[in-house]
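Beneath this line is the structure, given in structure tokens, with notes to follow.
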């Protein structure tokens, strides 16, 4: 058996099982830890697809920064009674079912009807190299330099805004 | 692809403003008196941006591999944003000190949001549109909630943030669908092949999702529910900023998205969408505004109906409509900034004096302010010599050219209704006896802002051809 296939099966199983565990746990902290595991498994899948950059970002940003933030919030807010969220709120439940159905239909549509009309890149060499850090860096600093800088200013605006709204008191 | 120095020279307005933001940040941080300097620094920055943009009006350039477009209509929008920015700054110098949220960050956030608007107006790619939109919106959310002691400001900020994020969700989903069909996010590709792509149902779905998102931002009818509370709850100078520049920026993106429609003079399937939005916004805004006693709330509803008038042009979808909406936006911006400027002078602490009763007999106490307010109310109602009339006129004409005479008639009907609540303010000021004494602190920079707005309204109204011929020339090239 091909080693890559073996890795894929392992990562896919870990991803599927951990996401299932995540939505079935009663304790939110444990759910969050399973989500971190899920992110690691997904990062492994990205690596298999030769998308190193996304794999690294997945671990640094999602598993590292965002989930740690989630865990902090969950631990600080002491969320004990989780069952209450969905029970007794039928509209939310129906809305969730509706959204899930829409997303499912979309995926089904794409799988059944869409596959022919989308041209995938036949140049495998190019698609293999496009996920590397080097290619992405080059794209960011040439073609996407304006959005990149704009994103920098966006973060500056968000930082200033968060500070001014959260500052304890003004002189 | 290699960049040439030439490209960096062409985006000089953006570079100047970006550098200015960093300089302002440092000035605010490191100098004790920095706050006093910032408004003047901002005004200088906006004036430089305006000067550089004027120089670019007649040369259109596609830069950075189609990410950014300078010159032409984006340059006119930049000019509008810069001029409006100067007025907001003048209005804010005294206002912030008076009403207790005097922070240097106000100026920084305003500069950042103007940078975002300029990116939106000049974007050649959906990625730039999205980043520009967020760079504009996030400072807005913060500015609305900046006065943390005021409960209504907090409520407004929360509401604005949640609904704004919701609208952004629509836009991002639409962008994703369009990317799925086109295989890229280039607006140039979208414009060139618009009629080919628009055969595709998924593309049209995505396109309409984006338009719905921007309908939130322009405050058109079914997506207006945040407008009254946010406009009333925010500080008056911030309301002026959001209601004028925010709306213009959203329109600038709609223009870019619909370039193909406008340039072909052909209208499109989307005409029906805009016709519905226009009718509902105009009538809803005008009718609900009739029963408002709070001036800020009344202007919020009038802002909804103005969005409706401009949407008439979007429904018509021809070159005349493009020119007409540009004119309308400029007129609307200066009218609203003038109106909010006067309200910000008259209102006391905690917005106590924003009711119509506070304006009773204003002509006797402050003849100058009452005169300016009357001028602006006439302009908003669309009485001929002022700018508001020609804005409506050009938009209605474009609708008639596209065989949508009924829409123009609805517009005229709505204008007639709106005359009542605009002129009610004038009646209160001139023909009512003054009620309880109101206290107004004199504020010369705010007076200057109101005077500039008045001059611009009159000159746009008296010489509409000057402005219009520039736009028509740009469109025809």
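The values are calculated or read from the model by the stated rules, or taken from the named source; none is laboratory data. Just so it is clear, the structure is predicted and the values come from calculations on it, not from any experiment. Glycine also receives a Cβ, built like all others from the backbone with ideal geometry; neighbour counts cover every protein chain displayed.
Let me confirm something: among B:49, B:62, B:54, which residue is touching a residue at least 60 places away in the same chain (Cβ under 8 Å) and surrounded by fewer than 17 Cβ atoms within 10 Å (Cβ to Cβ)? Step through it out loud before you land on a result.
Numbers: B:49 fails: surrounded by fewer than 17 Cβ atoms within 10 Å (Cβ to Cβ); B:54 fails: touching a residue at least 60 places away in the same chain (Cβ under 8 Å).
Sole residue among the options that is touching a residue at least 60 places away in the same chain (Cβ under 8 Å) and surrounded by fewer than 17 Cβ atoms within 10 Å (Cβ to Cβ): B:62.
Conditions (1) over 13 Å from residue B:230 (Cβ atoms); (2) free of Cβ contacts under 8 Å to residues at least 60 places away in the same chain; (3) surrounded by 24 or more Cβ atoms within 10 Å (Cβ to Cβ); (4) facing another protein chain (nearest Cβ under 9 Å), marked per residue:
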{"site": "B:103", "(1), (2), (3), (4)": "yes, no, no, yes"}
{"site": "B:112", "(1), (2), (3), (4)": "yes, no, yes, yes"}
{"site": "B:120", "(1), (2), (3), (4)": "yes, no, yes, no"}
{"site": "B:126", "(1), (2), (3), (4)": "yes, no, yes, no"}
{"site": "B:131", "(1), (2), (3), (4)": "yes, yes, yes, yes"}
{"site": "B:135", "(1), (2), (3), (4)": "yes, yes, yes, yes"}
{"site": "B:148", "(1), (2), (3), (4)": "yes, yes, no, yes"}
{"site": "B:153", "(1), (2), (3), (4)": "no, no, no, no"}
{"site": "B:161", "(1), (2), (3), (4)": "no, yes, no, no"}
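In the stretch B:170-198, which residue that is more than 23 Å from residue B:62 (Cβ to Cβ) and within 12 Å of another protein chain (Cβ to nearest Cβ) is surrounded by the most Cβ atoms within 10 Å (Cβ to Cβ)?
For the stretch B:170-198, the residue satisfying everything is B:177.
Please count how many residues of the stretch A:157-171 are within 7 Å of another protein chain (Cβ to nearest Cβ) and either at pLDDT 90 or above or touching a helix residue (DSSP H, G or I) at 6+ places or on another chain (Cβ under 8 Å) (or both).
So the answer is 6.
Please go through the stretch B:3-16 and pick out each residue that is surrounded by 19 or more Cβ atoms within 10 Å (Cβ to Cβ) and either farther than 23 Å from residue B:54 by Cβ or in contact with a strand residue (DSSP E or B) (Cβ under 7 Å, 6 or more places away or on another chain) (or both).
Matches in the stretch B:3-16: B:10, B:11.
I'm trying to understand the selection: among the residues of the stretch B:221-231, which are crowded, with 22+ Cβ neighbours inside 10 Å and at pLDDT 90 or above?
Once the filter is applied, which keeps residues that are crowded, with 22+ Cβ neighbours inside 10 Å and at pLDDT 90 or above, the stretch B:221-231 yields B:227, B:228, B:230, B:231.
Does the stretch A:74-90 include one or more residues that are assigned to a helix (DSSP H, G or I), touching a helix residue (DSSP H, G or I) at 6+ places or on another chain (Cβ under 7 Å) and at pLDDT below 90?
Taking every residue of the stretch A:74-90 in turn, at least one turns out to be assigned to a helix (DSSP H, G or I), touching a helix residue (DSSP H, G or I) at 6+ places or on another chain (Cβ under 7 Å) and at pLDDT below 90.
Here's the yes/no breakdown for (1) in a helix (DSSP H, G or I); (2) within 12 Å of residue B:104 (Cα to Cα):
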| position | (1), (2) |
| --- | --- |
| B:6 | yes, no |
| B:15 | yes, no |
| B:26 | yes, yes |
| B:32 | no, yes |
| B:37 | yes, yes |
| B:43 | yes, no |
| B:48 | yes, no |
| B:52 | yes, no |
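Tell me, yes or no, whether the stretch B:61-72 has at least one residue that is within 14 Å of chain A (Cβ to nearest Cβ), at pLDDT below 85 and part of a helix (DSSP H, G or I).
no
Can you tell me which condition residue A:110 does not meet? The list is (1) modelled with pLDDT of 85 or more; (2) facing chain B (nearest Cβ under 10 Å), and all the others hold.
(1)
Answer yes if at least one residue in the stretch B:79-93 is within 14 Å of chain A (Cβ to nearest Cβ), assigned to a helix (DSSP H, G or I), modelled with pLDDT of 85 or more and within 21 Å of the chain's Cα centre (by Cα), and no otherwise.
no
Test residue A:148 against the stated conditions and say whether it is assigned to a helix (DSSP H, G or I), within 10 Å of chain B (Cβ to nearest Cβ) and farther than 19 Å from residue B:113 by Cβ.
Yes; evaluated as a whole, the condition is true for this residue.
Which one is farthest from the other protein chains (Cβ to nearest Cβ), of the residues in the stretch B:17-34 that are modelled with pLDDT of 80 or more and surrounded by 17 or more Cβ atoms within 10 Å (Cβ to Cβ)?
B:27
Any residue at all in the stretch B:385-397 that is more than 16 Å from residue B:329 (Cβ to Cβ), part of a helix (DSSP H, G or I) and modelled with pLDDT of 90 or more? Reasoning before the result, please.
As a first pass, look at the stretch B:385-397 and keep what is more than 16 Å from residue B:329 (Cβ to Cβ): B:385, B:397.
Remaining after also requiring part of a helix (DSSP H, G or I): B:397.
So of that shortlist, the ones also modelled with pLDDT of 90 or more come out as B:397.
Scanning the stretch B:385-397 turns up at least one residue that is more than 16 Å from residue B:329 (Cβ to Cβ), part of a helix (DSSP H, G or I) and modelled with pLDDT of 90 or more.
Could you please let me know if residue B:411 is at positive phi and surrounded by 22 or more Cβ atoms within 10 Å (Cβ to Cβ)?
no
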